[in-house]
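Values in this text are rule-based calculations from the coordinates and carry no lab data. Keep in mind the model is a prediction, meaning the values are calculated, not measured. We place every Cβ from the backbone using ideal geometry, glycine too, and count neighbours over all the protein chains shown.
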Amino acid sequence: MAHLLVTGGAGFIGSNFVHLVLTNTDHAVTVLDKLTHAGNTASLAGLPDDRFELVIGDVCDRELVDGLVSRADAVVHFAAESHNDNSLIDPEPFIRTNLVGTFSLLEAVRAHDVRYHHISTDEVYGDLELDDLARFAPDSPYNPSSPYSASKAGSDLLVRAWVRSFGVRATTSNCSNNYGPRQHVEKFIPRQITNIIDGARPKLYGAGRNVRDWIHVDDHNAAVLRILEAGRIGETYLIGADGELDNKTVIEKILTAMGRDPGDYEHVTDRPGHDVRYAIDASKLRAELGWEPAHQDFDAGLAATIDWYRANEDWWRPQKAAVEARYAARGQ
Ligand code: NAD
Ligand code: TDX
């Protein structure tokens, strides 16, 4: 049994990772989470007391982080400010948490020689054209567009430098857009599902031709676990499941799956600097570590996600009105 320190474990992907680890391994997990607007203790309900603890705190708190890292066998760093639209309103917390927070963890794993896995995004590579056959690969140049993606790009480069300069035992993964249960209602898919439950029309930015490469959160997390177990130190692995869809198609699928007219949505103000297309080539991960996605039927995964939001209104309801008020103030 190993003891994992999971930062951001009360958020969307982190909480699903904690459930996966505690269900499928005998590892123990300590979550470090600041419980920002995106953190929710309800996402960690019902976990076994003897193998799980939650520490509420900031990844930028060097002393706290050092103490927790000293007692861990490995760190998986999910904690981040994660929403592009928020980074366009106030970039400051993105710079602090995503850059200074990663620095704080790297210094602690360096001091205690603890294995570290860094969670990042395909957005660090910028975007692709719609008619471009290319996909992102581990050697794609960094070219981030938003304060969020720039802060994640900077954090990835800190990891590379700590590996090369200090011999830190780190791996990095850059994943495409995740969907599934426990995703905050500020994000695209849960926002539209909960709008429809509330009798409001889904909101499509611009013409909706932007393409995202969707992956089920459990497939992302299975890949992370695999990299933690067998990834080569210093390497970057791209995670994606060949799930490219444009936003208009996704909204139409959600409406259809919820029994509504697929054309019953609104076009709203586009995101400034909106990345056109993301697409991941995950062949290195598949060939080297034998990972394969288990949830490649997007319509089935979407239907299960819709069911989850229908069944768990207590989980999302407290955030919904404030999120919609913020969007409405920007014409979105
Ligand atoms: P999220 O916003 O749902 O969760 C982030 C969690 O981090 C929250 O629980 C929050 O409370 C916590 N947190 C924020 N600042 C903190 C701080 N200073 N100290 C401690 N905890 C803090 O995010 P998510 O969608 O689960 O994303 C998790 C990670 O995965 C991020 O690093 C993100 O960049 C990356 N990622 C996300 C996606 C996606 O589609 N959502 C895709 C690729 C990569
Ligand atoms: O109401 C909306 N309408 C809409 O058309 C919202 C909230 C979004 N969109 C569009 C913008 C994007 O093209 O949908 C797409 C997905 O939007 P988000 O859910 O905000 O995701 P994105 O900006 O693509 O970033 C996500 O994937 C990469 C995560 O939020 C990041 O954390 C991750 O790094």
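Here are a few things to note about the model shown:
- When DSSP beta bridges are restricted to pairs lying wholly in the chain, around 10% turn out antiparallel.
- C-alpha center-to-center spacing [the range 271-285, the range 3-44] in angstrom: 26
- Lys, Arg +1 and Asp, Glu -1 on Cβ, resulting dipole of the chain about Cα centre, debye, nearest 20: 340
- Distance between the range 81-109 and the range 305-326 - C-alpha centres, whole angstrom: 25
- Cross-link reach list, lysines versus Lys320, counting only Cα pairs under 24 Å and skipping chain neighbours closer than eight places: Lys34, Lys187, Lys203, Lys248, Lys253
- Packing, taken as the mean count of other beta carbons within 10 Å per residue, orders the peptides 278-285, 8-15 from highest to lowest as 8-15, 278-285.
- Across the range 1-107, C-alpha contacts under 8 Å between residues 6 or more apart give a mean separation that, scaled by the residue count, equals a relative contact order of 32 percent.
- Among Val75, Val124, Val163, residue whose mean-square fluctuation peaks in a GNM of the chain (springs only between Cα atoms under 10 Å): Val163
- Taken along the Cα-to-beta-carbon direction at a fixed 7 Å, the label points for Arg209 and Thr256 span 2.2 nm.
- FRET efficiency estimate (nearest 0.05) - Cβ-Cβ, Asp307 to Asp113, R0 45 angstrom: 0.50
- Over the C-alpha trace of the range 105-214, radius of gyration and Dmax come out as 17.6, 55 angstrom.
- Using a Gaussian network model of the chain in which every pair of alpha carbons under 10 angstrom is joined by a spring, one finds that among Thr97, Thr269, Thr25 the greatest mean-square fluctuation is at Thr25.
- Annotation: average projected area of the chain is 15.5 square nanometres, based on the convex hull of Cα atoms across all directions.
- Residues in the range 81-112 reached by a label modelled at Ser165 [backbone nitrogen below 17 Å; 7 Å Cα→Cβ]: 99-112
- Fluctuation leader among Ala79, Ala241, Ala287 - the chain, Gaussian network, Cα springs under 10 angstrom: Ala287
- Relative contact order, whole percent, for the range 243-332 stands at 34, derived from Cα pairs under 8 Å and 6 or more residues apart.
- Net charge dipole size for the range 129-269 [Lys, Arg +1 and Asp, Glu -1 on Cβ; Debye, nearest 20]: 500
- The orientation-averaged projected area of the convex hull spanned by the Cα atoms of the range 154-259 comes to 8.2 nm².
- Spatial offset of the range 110-144 relative to the range 241-265 amounts to 27 Å, using the alpha carbon center of each.
- Degrees, to the nearest 10: 147-166 long Cα axis against longest axis of the chain: 20
- Taking the chain and dividing mean pair separation by its residue count, relative contact order in percent (alpha carbons under 8 Å, at least six apart): 17
- Compared with the dominant Cα axis of the chain, that is its longest principal axis, helix 247-257 is turned about 70°.
- Restricting the calculation to Cα atoms, the range 226-270 shows an Rg/Rh of 1.30 when the hydrodynamic-style radius is the Kirkwood one.
- Helix axis angle, 217-230 relative to the chain longest principal axis, alpha carbon, degrees: 20
- Efficiency of FRET between Asn143 and Thr249 - r from beta-carbon atoms, R0 45 angstrom, step 0.05: 0.95
- Dividing the convex hull volume of the alpha carbon atoms of the range 205-315 by its residue count gives 144 Å³ per residue.
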